[in-house]
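The values are calculated or read from the model by the stated rules, or taken from the named source; none is laboratory data. Just so it is clear, the model here is predicted, and its values are computed rather than measured. Backbone-built Cβ (ideal geometry, glycine too); neighbour counts: all protein chains shown. Note: accessible area is taken over every heavy atom of the protein model, side chains too, but ligands, DNA and RNA are not part of it. Shrake-Rupley method; radii C 1.70, N 1.55, O 1.52, S 1.80 Å.
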Amino acid sequence: MSRLVVHDATTNAVLQDTQDAAEIATALSAIGVRFERWPVAELPEGADPETVLAAYRPRLDAFMGETGAGTADVIRLTADNPQIDAIRQKFLAEHRHTEDEVRFFHEGAGNFILHVGGKVYDAHCTRGDLISVPANTEHWFDAGTTPNVTALRIFTDTTGWTPHYTGTDMSERFPATFG
């Protein structure tokens, strides 16, 4: 189930903890983050990327038309990937991108953790969640030590996804709350 925990970045005090999708969307909207629940296509587990994209094509086309995004692809992150430790470490360090980072979770779950305005927003996204993190928002991502995620990535220009690391210890001070 989706969940949002908001912490004070200085004291680590919990300011909000909710599993209500509307409350999650409202809290994240206040910092420019889009959060939505989409119907999930019933596909065989591990369906190939083309099948996953085709299943969401009408909703993707509408989203991309609204946002100006140009394309989408599918990324699969699983524990049996021989590079999983290196991939995970890259995502765990606080960073920002010059383009919005948009993910729709078809399978699995992961935490987008955002550091904004003296607060840390830990958004646990699950199957059916779409999250759009605005460009230049400091954040990190954790799919856990045994990830099993299939997600759609929606973008305009993939060069905008190059991570620009902040060099802070925020992601060590605020590991994922759950997941």
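Some points to look at:
- The chain - mean residue ellipticity at 222 nm from DSSP helices (-39,500 (n - 2.57) per run, n ≥ 4, rounded to 500): -7000 deg cm²/dmol
- The alpha-carbon atoms of the chain define a convex hull whose volume equals 112 cubic angstrom per residue.
- Heavy-atom accessible surface of the chain, averaged per residue, reaches 48 Å², computed with a 1.4 Å probe.
- Under Karplus coefficients 6.51, -1.76 and 1.60, residue-wise ³J(HN,Hα) of segment 4-11 in Hz, glycine/proline x: 10, 10, 10, 10, 6, 5, 8, 9
- Estimated vicinal HN-Hα couplings, Hz - segment 18-35 in sequence order (Karplus 6.51, -1.76, 1.60; Gly, Pro = x): 9, 10, 7, 4, 5, 5, 4, 4, 5, 4, 6, 4, 4, 10, x, 8, 8, 9
- DSSP-loop GluC sites (Glu not before Pro) across segment 21-58, with at most 15 other Cβ within 10 angstrom: GLU42, GLU45
- Using a probe radius of 1.4 angstrom, the carbon and sulfur fraction of the accessible surface of segment 99-179 is 47%.
- Tensor-based shape of segment 106-179 (alpha-carbon gyration tensor, a/c under 1.5 rounded, otherwise prolate or oblate): oblate
- Protein accessible area in segment 30-84, 1.4 Å probe - carbon and sulfur %: 52 percent
- Counted by Cβ distance under 12 Å from LEU15, the other residues give a net charge of -2, where Lys and Arg count +1 and Asp and Glu count -1.
- Counting only the Cα atoms, segment 13-101 fills a convex hull of 179 Å³ per residue.
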